[in-house]
Every structure is written in C-alpha cells, then in structure tokens.
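Beneath this line is the structure, given in structure tokens, with notes to follow.
The values are calculated or read from the model by the stated rules, or taken from the named source; none is laboratory data. Since this is a predicted model, take the numbers as computed values, not measurements. As a convention, Cβ positions derive from the backbone with ideal geometry for all residues, glycine included, and neighbour counts pool all protein chains shown. Just so you know, the surface numbers come from the protein's heavy atoms only, side chains and all, with ligands and any DNA or RNA stripped out. Shrake-Rupley method; radii C 1.70, N 1.55, O 1.52, S 1.80 Å.
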Amino acid sequence: MELSDALGWARQQIGSLSDSAALDAEVLLAHCIGKSRSYLYTWPEQVLTATHWDRYQSLIGQRLIPTPIAYLIGKREFFSLDFKTTAAALIPRSDTELLVEAALDRCPQTSSFRILELGTGTGAIAITLKVHRPDAKVVATDISPQCLVLAGQNGKHHQVHIDWIASDWFSAIEPSERFDMIVSNPPYIAGDDVNLTQGDLPAEPLLALSSGLTGLESLRQIIADSPDYLNPRGHLLLEHGYDQEIAVIGLLKSRGFANVSCQYDINNLPRISMGQFI
C-alpha cells in the first residue's frame, strides 16, 4: 500500500473518533516509518513494507480504543521540548504552558531562586523551568513511583539536575524547607464530570485528573499548606478548571495570600491563579 492510500484508510477508520483524524493518521504513519510528516506528502507513492503496514494497522487499532497519540508514539512536545510519555503520567498539555510562562515571569534570570513543583508527572513543568532558569534550585514531587522514574528519564534527556522526591504533596518535604515559588497542575476535574468518561481521558491516570467530588480537594490542600513552605513574598501558582476561578481566588485570599490574580488562556478562559504570601 502506498503512503497516500494508507493515510486515506486511517482517516476513514478514526474519522468518527477524533476531531483531528487527518493529523492523527499522519503522526502515527510518520512515527511508524521513522520519517517526518512532510515526507508523507513529498513521497506519497512510496510503498509501505509489510512490517510497517502491519505496525500501522496495529497503531490505528489502538487509537480506536482510544489510546492517546502521545502514548502511542511515546512522546509529546511541551514548550518546544520533547518529553517521553507513558500511561503512568498525565500527558503534558498546551494549556499548562501558561503556568510555565507565568512562573518564568516571576523567576529571576540569575539567582539561587528555589522552586518546588507538586505532582510533577512527566516532569515537564519542572524540567522546562530548569532549562530556562538554570541557576534555580528545582525540587519536584509525585506520589507515583512510576512518574518519578519517567520524570527522571526526561530530566536526564534534557541534561538538567532536579531533586525528584516521592511525596503526597508536602508529606515528604522537610518542615524547615522554604521555597521562593511553588507551582502545581493538580487534579482538578470534578469526580462526577462526564468528560472523565469521554475521549482520551479514560486512558490517562485518574489520580492525575480528579481528586474528589468537587475537583477542589487538592487545590484546597495545596493552598492551605503552601505558606508553611514559602519564603517571605514567595509565589504560589496553580492551574485549575475554567469554572474554578472564584473558588480558587477565594481560597488564596482566605489563606493570607496577597497580589492574587488570575490569567486567562488562549480561549479567554480562567486557567492560572496565583498569589504571594506576605
């Protein structure tokens, strides 16, 4: 089968599943044959080997389950960096790049600035911050041993040193530790949200998506405990759901945070709330 015919077959197979069927088909075929997506259109008449065709059919079959593209090809780009992905961790999303941008805006270019990331998953946030602020001291935690292994592999790939700690939020952080910034993209989807059963989300770890009925459980705990680990004027930055701005802002203010604000994403939806502990 020629590349163009293989793409047409794949688009037809997954057309009802994905809003980006054409892109999915291209990404998986390029991955399968070890070429770029542009190669597929430069050489559309190229014939697939039997091995590649069998592998491509298998990948499309897994996509129909559905299995997310990032798990099938084993990587995802985040902030122009590639990260290894497995089913152990939440797939890095473009929305979370706003959290990194907000953190970088508040982190000096050169200093011994201390950053703590809670719930690191693939390590994408912590690693990206370290890449862009190499002088910063970065510590990252996760409750999942599998995530810490994955994050460590990504850290090694990007040649950055980060302290990876197995911890349920702050449980393994020494009481005497203080940071200039705490960042987190915690689970914030309400437990009864229908989206948890739709699309690709069922394939991702539930622990990284939802922490309880309201979706505010982890956010509430992080906000409550963060002041005990922040230096004076230290920053707390949190990603949350589009409908949680009022609740999160209220929690920050009630815990004594000042300069509280919310940043909106590309769709003009509230996404990142932050404050300083004075």
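Apolar share of the accessible surface for the chain: 52 percent from carbon plus sulfur atoms, 1.4 Å probe.
Dividing the C-alpha radius of gyration of the chain by 2.2 N^0.38 Å, with N its residue count, gives 1.10.
I need the calculated FRET efficiency for the pair Asp228 and Ser112, taking r as the beta carbon distance and R₀ as 22 Å, to the nearest 0.05. It comes to 0.60. For Lys137, a cut-off of 15 angstrom between C-alpha atoms picks up these aspartates and glutamates, skipping any fewer than 8 places away in its own chain: Glu117, Asp163, Glu177, Asp180. Relative contact order of region 1-153: 17 percent, from C-alpha pairs under 8 Å at least 6 residues apart in sequence.
Give the longest segment of the chain that steers clear of GluC sites (Glu not before Pro) in DSSP loops with at most 15 neighbouring Cβ atoms within 10 Å, not counting the sites themselves. Counting at most 15 other Cβ atoms within 10 Å as exposed, the longest clean stretch of the chain is 46-176. Comparing region 108-150 with the 2.2 N^0.38 Å rule of thumb, its C-alpha radius of gyration ratio is 1.17 (two decimals). Of the beta bridges in region 133-278, as assigned by DSSP with both residues counted there, near 55 percent are antiparallel. Helical runs assigned H by DSSP (4 residues or longer) give the chain a calculated mean residue ellipticity at 222 nm of -10500 deg cm²/dmol, each run adding -39500 (n - 2.57) before division by the residue total. Partners of Lys253 within straight-line reach, counting aspartates and glutamates whose Cα lies under 15 Å from its Cα and excluding those fewer than 8 residues away in the same chain: Asp225, Glu245.
The value for region 101-210 of Rg(Cα) / (2.2 N^0.38 Å) is 1.13. Summary value for region 211-278: 37 percent relative contact order, contacts being C-alpha pairs under 8 angstrom separated by 6+ residues. Along each principal axis, taking the top coordinate minus the bottom one, the Cα set of region 18-164 gives 55, 32, 27 Å in descending order. Rounded to the nearest 0.05, the FRET efficiency derived from the C-beta distance between Leu269 and Ala22 at R0 = 25 Å is 0.45. Along its principal axes, region 31-84 has C-alpha extents of 34, 27, 14 angstrom, given from the largest down.
Here the spin labels are modelled as points 7 Å beyond Cα on the Cα-Cβ line, and at Ala203 and Gln62 they lie 0.8 nm apart. Rolling a 1.4 angstrom probe over the protein heavy atoms with all chains in place gives the chain an accessible area of 47 Å² per residue. Can you list the lysines whose alpha carbon is less than 22 Å from that of Lys75, not counting same-chain residues fewer than 8 positions off? Hits, sequence-local ones excluded: Lys35, Lys84, Lys130, Lys156. For Glu174 and Arg37, a Förster radius of 35 Å and the Cβ-Cβ distance give a FRET efficiency of 0.15, rounded to the nearest 0.05. Computed 3J(HN,Hα) for region 12-25, one whole-Hz value per residue from the Karplus formula 6.51 cos²θ - 1.76 cosθ + 1.60 where θ = phi - 60°, is 5, 5, 9, x, 7, 8, 10, 6, 10, 4, 5, 5, 4, 4, glycine and proline marked x. Rounded to the nearest 20, the Cβ-based charge dipole of the chain about its Cα centre (Lys and Arg +1, Asp and Glu -1) stands at 560 debye.
Taken along the Cα-to-beta-carbon direction at a fixed 7 Å, the label points for His132 and Glu101 span 0.9 nm.
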